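**Student:** Just passing along the structure, written as structure tokens.
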Amino acid sequence: MREKLTAVFRKSKHGYIGYVEELPGANTQGRTLQETKKNLIEAVQLVLEANRVMAEEEQKGARIIKEELGEITA
């Protein structure tokens, strides 16, 4: 599975701000555009992991079916 995410970068007086339109909470900043892009990839990974942990907490004690949906490739 390939999912396209949209990264948005905005110049600020201290460098750049970046976020992903489709993933609330995935945002970052950096001194350079390259640093901001690198930081944004890490932010996406952290948001996904945090969402996994929250979902696991909510699912405790529930009868659920879990299966792999696919992989997002960069």
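**Student:** For the pair Q34 and V53, how long in nm is the line joining their label points, each one 7 Å along Cα→Cβ?
**Tutor:** 3.1
**Student:** Just give me a number: lysine pairs in the chain, eight or more positions apart or cross-chain, with C-alpha atoms less than 27 Å apart.
**Tutor:** Numbers: K4/K37; K4/K38; K4/K66; K11/K37; K11/K38; K13/K37; K13/K38.
So the count works out to 7.
**Student:** Placing +1 on the Cβ of each Lys and Arg and -1 on the Cβ of each Asp and Glu in the chain, which of V53, T28, I41 has its Cα farthest towards the positive end of the resulting dipole?
**Tutor:** T28
**Student:** Here's a follow-up. Using only helices, what value at 222 nm comes out for the chain when you add -39,500 (n - 2.57) per DSSP H run of length 4 or more and divide by the total residues, to the nearest 500 deg cm²/dmol?
**Tutor:** Computed mean residue ellipticity for the chain: -13000 deg cm²/dmol.
**Student:** Hey, another quick one. How far is helix 33-59 tilted off the main Cα axis of the chain, in degrees rounded to 10, range 0 to 90?
**Tutor:** Compared with the principal axis, the helix lies near 20 degrees.
**Student:** Another one. Are there GluC sites (Glu not before Pro) in the chain that DSSP puts in a loop and that have at most 13 other Cβ atoms within 10 Å, and which ones?
**Tutor:** E3, E21, E22, E67, E68, E71
**Student:** Looking at the P(r) of the chain, how many percent of alpha-carbon pairs lie beyond 15 Å?
**Tutor:** Here the long-distance tail beyond 15 Å is 63 percent of all Cα pairs in the chain.
**Student:** For the chain, modelled as a GNM with alpha-carbon contacts under 10 angstrom, which of G18, G30, G61 fluctuates the most?
**Tutor:** Result for the chain, Cα springs under 10 Å: G61 fluctuates most.
Any read-out appearing in this document is the output of simple, stated calculations on the displayed coordinates, not a laboratory observation. Quick caveat, the model's predicted, so the values are computed rather than measured. Neighbour counts run over all protein chains shown; Cβ positions are idealised from the backbone, glycine included.
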